[in-house]
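Engineer: I'd like to ask you about the structure that follows.
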Amino acid sequence: MSQQSPTRAGWIAVLATICIWTGFILVSRHGGRSPLTGWDVTALRFGVGGLLALCFLPRVALPPLRVIAQFTVFGGIGYAIAVYSGFRLAPAAHASVLLPGSLPFATAVIAWLWLGQKPSRPQRIALALVFAGILLTAADTFSHGPRLTGLQLAGDALFLCGSSSWAVFTLLLRRHPMAPLAATVATTLGSAVAYLPVWYFFLPSTLAQAPVGEIALQAVYQGVLVVFVAMLLYVFAVRQLGAQTVALLMAFVPGLSALAAVPVLGEPLSLLTLAGLGAVTLGAMLGARAVPGGPPR
């Protein structure tokens, strides 16, 4: 009984994490279709997350200021601005492929170019599948009219920038290992301090015109569930079930979020995007199996 309870708790934790990460795509796309600007959603993420991070500050040992600055640029402000701006231009299915779906590809390519870490043959096969999924998504973008194609291309490019930014952040976490809560607090606080004054004084905002319900939804989901709750659940699940098991389950997030966007957001799923989702999901699963230690935490 003593061994079953932690395992059951681990499964509950990983399923809750999948739900939050799937919901992130849907809630962010919903925010992208609302009166809120991408700058506003970023401000809500770091405003609420920054207040919550202050509560955890006495419990963690922060890294040096240089490391906090790097985390802020790549894991905080750079990622958030690119992603939330992309959600205003491209559908949720494209985000599913080009954010969590392309992350293994972006991480491997940047690690190869930056750190000289050449992927193994099984990893190269997995990355080829992910790249095929990205190309299929691009093909879907070009199948629309010129105006819509231009908007979606810009959104797709922003998603890829966001994925690349998070990939650099992932590699920085490998170079500067620390407790996940400490990394989260450092990134969120650094982003709040650097971004919020610039947003308040200089960036365009429609926060005053947005419905209160939409503001509350984005503030709670982005600033609390995504930044803190999902991280804590993920780490707990990895400790209970193992990194490889959790990584394999997380490979289903792109497909789940894209499929859920059909009834929730009313966004149709084309055959090209569906094929792209299949490719990135299979590639992510093969990639997770090819790395015994699982993904970085």
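Engineer: For the stretch 169-286, calculate the relative contact order in percent as a whole number, restricting contacts to Cα pairs under 8 Å that are 6 or more residues apart.
Structural biologist: For the stretch 169-286, the relative contact order is 23 percent.
Engineer: Now a separate question. Quick one: Karplus J couplings for the stretch 69-74, per residue in order, coefficients 6.51, -1.76, 1.60, θ = phi - 60°, nearest Hz, x for Gly and Pro?
Structural biologist: 4, 5, 4, 5, 5, 9
Engineer: Here is a follow-up. Give me the mean projected area, in nm² to one decimal, of the convex hull enclosing the Cα positions of the stretch 1-155.
Structural biologist: Dividing the Cα hull surface by four gives the mean projection, 13.4 nm².
Engineer: Now, a different point. In whole Hz, what ³J(HN,Hα) sequence does the stretch 176-182 give by Karplus (6.51, -1.76, 1.60; θ = phi - 60°), x for Gly and Pro?
Structural biologist: My calculation for the stretch 176-182 gives 10, x, 7, 4, x, 5, 5 Hz in order.
Engineer: OK, next. How far apart, in nm, are the 7 Å Cα→Cβ label points at Met178 and Gln117?
Structural biologist: Placing both labels 7 Å along Cα→Cβ, they lie 1.9 nm apart.
Engineer: Sticking with this one: If R0 is 41 Å, what FRET efficiency do you get for Ala9 and Ser143 from their C-beta distance, rounded to 0.05?
Structural biologist: Approximately 0.35, to the nearest 0.05.
Engineer: Which of these, Ala237, Ala154, Ala210, has the largest mean-square fluctuation under a Gaussian network model of the chain (Cα springs below 10 Å)?
Structural biologist: Ranking Ala237, Ala154, Ala210 by mean-square fluctuation puts Ala210 first.
Engineer: At q = 0.10, 0.11, 0.14, 0.21 Å⁻¹, work out log10 I(q)/I(0) for the stretch 174-283 with the Debye formula, treating every Cα as an identical point scatterer and leaving solvent out; two decimals please.
Structural biologist: -0.49, -0.60, -0.93, -1.18
Engineer: Just the number, please: carbon plus sulfur as a percent of the accessible area of the stretch 82-177, 1.4 Å probe, no ligands or DNA/RNA counted.
Structural biologist: Values: 2940 of 4230 Å².
Its accessible area is 69 percent carbon and sulfur atoms.
Engineer: Of (1) 18.5, 61; (2) 19.6, 61; (3) 20.0, 76, which one was derived for Rg and Dmax of the Cα atoms in Å from the structure shown?
Structural biologist: (1)
Engineer: Of Cys55, Cys19, Cys161, which is the most mobile in a GNM of the chain whose springs link Cα atoms less than 10 angstrom apart?
Structural biologist: Of Cys55, Cys19, Cys161, the most mobile in the Gaussian network model is Cys55.
Engineer: Based solely on its DSSP helices, what 222 nm [θ] is calculated for the chain when runs of n ≥ 4 H residues each add -39,500 (n - 2.57) and the sum is averaged over all residues, nearest 500 deg cm²/dmol?
Structural biologist: Using -39500 (n - 2.57) per qualifying helix, the result is -24500 deg cm²/dmol.
Engineer: How big is the equivalent ellipsoid of the stretch 134-220 along its three axes, where each semi-axis is √(5λ) from the Cα gyration tensor, reported in whole Å from largest to smallest?
Structural biologist: Equivalent-ellipsoid dimensions as semi-axes: 29, 24, 12 Å.
Engineer: Do you know the relative contact order of the stretch 24-160, to the nearest whole percent, from alpha carbon pairs under 8 angstrom that are 6+ apart?
Structural biologist: Relative contact order here is 33 percent.
Engineer: Skip the ligands, DNA and RNA, and give the accessible area per residue of the chain with a 1.4 Å probe, whole Å². Don't skip to the end; give the middle numbers.
Structural biologist: Working: 13600 Å² over 297 residues.
So the chain comes to 46 Å² accessible per residue, rounded to a whole number.
The values are calculated or read from the model by the stated rules, or taken from the named source; none is laboratory data. Just so you know, these numbers come straight off a predicted model, no measurement behind them. In this analysis, Cβ positions are derived from the backbone assuming ideal geometry, glycine residues included, and neighbour counts consider all displayed protein chains. When the accessible area is computed, the model is the full protein with side chains, heavy atoms only, and any ligands, DNA or RNA have been set aside. Shrake-Rupley method; radii C 1.70, N 1.55, O 1.52, S 1.80 Å.
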